[in-house]
1. Confirm whether Glu42 is over 19 Å from Ile2 (Cβ atoms), in a helix (DSSP H, G or I) and either acidic (Asp, Glu) or in contact (Cβ under 8 Å) with a residue 60 or more places away in the chain (or both).
2. Which residues, counting only those in the range 12-30, are under 19 Å from Glu63 (Cα atoms), free of Cβ contacts under 8 Å to residues at least 40 places away in the same chain and not small (Gly, Ala, Ser)?
3. Here are some residues: Leu4, Leu24. Which one is within 18 Å of Asp111 (Cα to Cα) and under 14 Å from the mean Cα position of the chain (by Cα)?
4. Scan the range 2-36 for residues that are exposed (fewer than 14 other Cβ atoms within 10 Å of the Cβ) and either at positive phi or part of a strand (DSSP E or B) (or both) and report the count.
5. Looking at the range 70-115 only, could you name the residues that are assigned to a strand (DSSP E or B) and not charged (D, E, K, R)?
6. Just give me the residues in the range 78-115 being buried (at least 17 other Cβ atoms within 10 Å of the Cβ) and more than 24 Å from Thr66 (Cβ to Cβ), in sequence order.
7. May I ask you to verify whether Glu52 is assigned to a loop (DSSP other than H, G, I, E, B) and either modelled with pLDDT of 95 or more or among the hydroxyl-bearing types (Ser, Thr, Tyr) (or both)?
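The values are calculated or read from the model by the stated rules, or taken from the named source; none is laboratory data. Keep in mind it's a predicted model, so treat the numbers as computed, not measured. FYI the Cβ positions are ideal-geometry reconstructions off the backbone, even for glycines, and counts take in every protein chain you see.
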Amino acid sequence: MIELNSVEEWKGILDRSDNQPFWLLKHSTACMISARAYRQVEGYMKIRKSKEMDMYVVKVIEERQTSNQIETDMNVKHASPQLLLIRNKEVLWETSHWNITKKRMKKVYEDMLMD
């Protein structure tokens, strides 16, 4: 996972999403549910077949400004943990909390490839 540490980094990644979809995890370092979601994402990253899609993480407490900018840019209500799949500067899919699982990520990714 690649950690986002500024609004500028976020804007650069978003601009590149026209050519490359990516996952984004909004993660709270102070939340047990978020820790579980983080482990699910790590597990998915280990088993996935395609290494073509990057995974970014923003720590919502430490990078509140970046987290808020993501909420504004993507027009999605903030949640933590929250997982977004972004392509062409749009959210293709979003989920949060206990719904962040390896199995769900695998299905979403496979469905996206079929589009």
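1. Details: over 19 Å from Ile2 (Cβ atoms): no; in a helix (DSSP H, G or I): yes; either acidic (Asp, Glu) or in contact (Cβ under 8 Å) with a residue 60 or more places away in the chain (or both): yes.
So Glu42 does not fit the description; no.
2. Answer for the range 12-30, where residues must be under 19 Å from Glu63 (Cα atoms), free of Cβ contacts under 8 Å to residues at least 40 places away in the same chain and not small (Gly, Ala, Ser): just Thr29.
3. Selected residue: Leu24, the only one of Leu4, Leu24 that is within 18 Å of Asp111 (Cα to Cα) and under 14 Å from the mean Cα position of the chain (by Cα).
4. 2
5. Gln82, Leu83, Leu84, Leu85, Ile86, Val91, Leu92, Trp93, Thr95, Ser96
6. The answer is Thr101, Lys102, Tyr109.
7. Spelling it out, it is not the case that Glu52 is assigned to a loop (DSSP other than H, G, I, E, B) and either modelled with pLDDT of 95 or more or among the hydroxyl-bearing types (Ser, Thr, Tyr) (or both).
Yes/no per residue for (1) touching a Phe, Trp or Tyr at 6+ places or on another chain (Cβ under 7 Å); (2) farther than 12 Å from Ile100 by Cβ; (3) of a type in the set (S, T, N, Q):
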residue: Ile13; (1), (2), (3): yes, yes, no
residue: Lys59; (1), (2), (3): no, yes, no
residue: Glu62; (1), (2), (3): no, yes, no
residue: Lys77; (1), (2), (3): no, yes, no
residue: Ser80; (1), (2), (3): no, no, yes
